[in-house]
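Working notes, structure below.
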Amino acid sequence: MRANLRAFHESDAERLFDMYRHFEPKGEFQGLPPRTALQIKKWLTQLCERGFYQFVIEVGDRIVGHAALCPSHRKTEAEVAVFLQQDYRGHGLGKKLLLGTLNFGCKKLELARVWIFVMGSNLVALHLFESVGFRPGRDGDPLKWEIEMERPSHCAKCKGDKCAVFGETFPMTVGTHAPCGPKR
């Protein structure tokens, strides 16, 4: 399966909306992705308005995955959110989307810490996040499991595209700036 990972563009909004209209399960954790079409449109609009860095993964002309880096009040920290349409799970696309998003956060934003929220009952997601270095946060409750990862704050420690933390080459470097990313 050939897939393209790239920065989200505002012109992708309708295709991304279409992915979320057919996405399952809805509202499973933290209310994301939202359940109704109106809520989905509002949520996607807010992601752009709040200046989140966003990425999509395409197969053919369909957007099948979406990720966002949600900046914290600390410049070197962000939450990462990753969603992959259910028909495309199990093919390595979620890992590619996650690693590309983390690569952007490390190389372009010089993030020192990222975190992600996942249900403790979502064993597939837990395995994926642990496989790329996420470790359970301070709260050990399996239904409210915060998984976080620490990594170098100065990516100059990395050799080229090889990450000092993951010990492997990331699948790609995603563009320099997502068009609806933070307005500086």
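The values are calculated or read from the model by the stated rules, or taken from the named source; none is laboratory data. Quick caveat, the model's predicted, so the values are computed rather than measured. Note: ideal-geometry Cβ built from the backbone for every residue, glycine included; neighbour counts use all protein chains shown.
Return a yes/no flag: does the stretch 76-86 have any residue that is surrounded by fewer than 16 Cβ atoms within 10 Å (Cβ to Cβ) and modelled with pLDDT under 90. If you could, list the steps in order and put the result at the bottom.
Pass one, the stretch 76-86, residues surrounded by fewer than 16 Cβ atoms within 10 Å (Cβ to Cβ): 76, 86.
So of that shortlist, the ones also modelled with pLDDT under 90 come out as 76.
Yes; the residues of the stretch 76-86 include at least one that is surrounded by fewer than 16 Cβ atoms within 10 Å (Cβ to Cβ) and modelled with pLDDT under 90.
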Of (1) in contact with a helix residue (DSSP H, G or I) (Cβ under 7 Å, 6 or more places away or on another chain); (2) in a loop (DSSP other than H, G, I, E, B); (3) over 25 Å from Leu123 (Cβ atoms), Pro34 satisfies all except one. Which? (3)
Which one is modelled with the lowest pLDDT, of the residues in the stretch 12-27 that are more than 22 Å from Gly92 (Cβ to Cβ) and surrounded by fewer than 13 Cβ atoms within 10 Å (Cβ to Cβ)? Gly27
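Specify the residue that is modelled with the lowest pLDDT; the eligible residues are those in the stretch 107-137 that are assigned to a strand (DSSP E or B) and under 15 Å from the mean Cα position of the chain (by Cα).
Narrowing the stretch 107-137 to residues assigned to a strand (DSSP E or B): 113-117, 135-136.
Add one more test, that the residue is under 15 Å from the mean Cα position of the chain (by Cα), and what stays is 113-117.
Values: Arg113: 84, Val114: 86, Trp115: 85, Ile116: 84, Phe117: 80.
Result: Phe117.
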Of everything in the stretch 57-80, what is part of a loop (DSSP other than H, G, I, E, B) and not acidic (Asp, Glu)? Give them in sequence order. Gly60, Ser72, His73, Arg74, Lys75, Thr76
How about the stretch 1-20: which of its residues are assigned to a helix (DSSP H, G or I), among the hydrophobic types (A, V, I, L, M, F, W, C) and out of contact with any His (no Cβ under 9 Å at 6 or more places or on another chain)? Ala13, Phe17
Mind telling me which of the residues Phe23, Phe83, Phe104 ends up being at negative phi and assigned to a loop (DSSP other than H, G, I, E, B)? Phe23
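Looking only at the stretch 46-56, count how many residues are part of a helix (DSSP H, G or I), under 17 Å from the mean Cα position of the chain (by Cα) and surrounded by fewer than 16 Cβ atoms within 10 Å (Cβ to Cβ). Before you say what the answer is, go through the steps one by one.
Taking the stretch 46-56 as the starting set, the residues that turn out to be part of a helix (DSSP H, G or I) are 46-49.
Of the ones still in play, those that are also under 17 Å from the mean Cα position of the chain (by Cα) are 46-48.
Checking which are surrounded by fewer than 16 Cβ atoms within 10 Å (Cβ to Cβ) leaves us with 46.
Residues in the stretch 46-56 being part of a helix (DSSP H, G or I), under 17 Å from the mean Cα position of the chain (by Cα) and surrounded by fewer than 16 Cβ atoms within 10 Å (Cβ to Cβ): 1 in total.
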Pair list, Cβ < 8 Å and 6+ apart or interchain, from the stretch 122-135 residues that are of a type in the set (Ser, Thr, Tyr) to residues that are in a helix (DSSP H, G or I): Ser131/Lys95
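Test of understanding: among Arg62, Arg6, Arg15, which residue is closer than 22 Å to Leu109 by Cα, basic (Lys, Arg) and in contact (Cβ under 8 Å) with a residue 40 or more places away in the chain?
Values: Arg62 fails: closer than 22 Å to Leu109 by Cα; Arg15 fails: closer than 22 Å to Leu109 by Cα.
Checking each option against the conditions leaves just Arg6.
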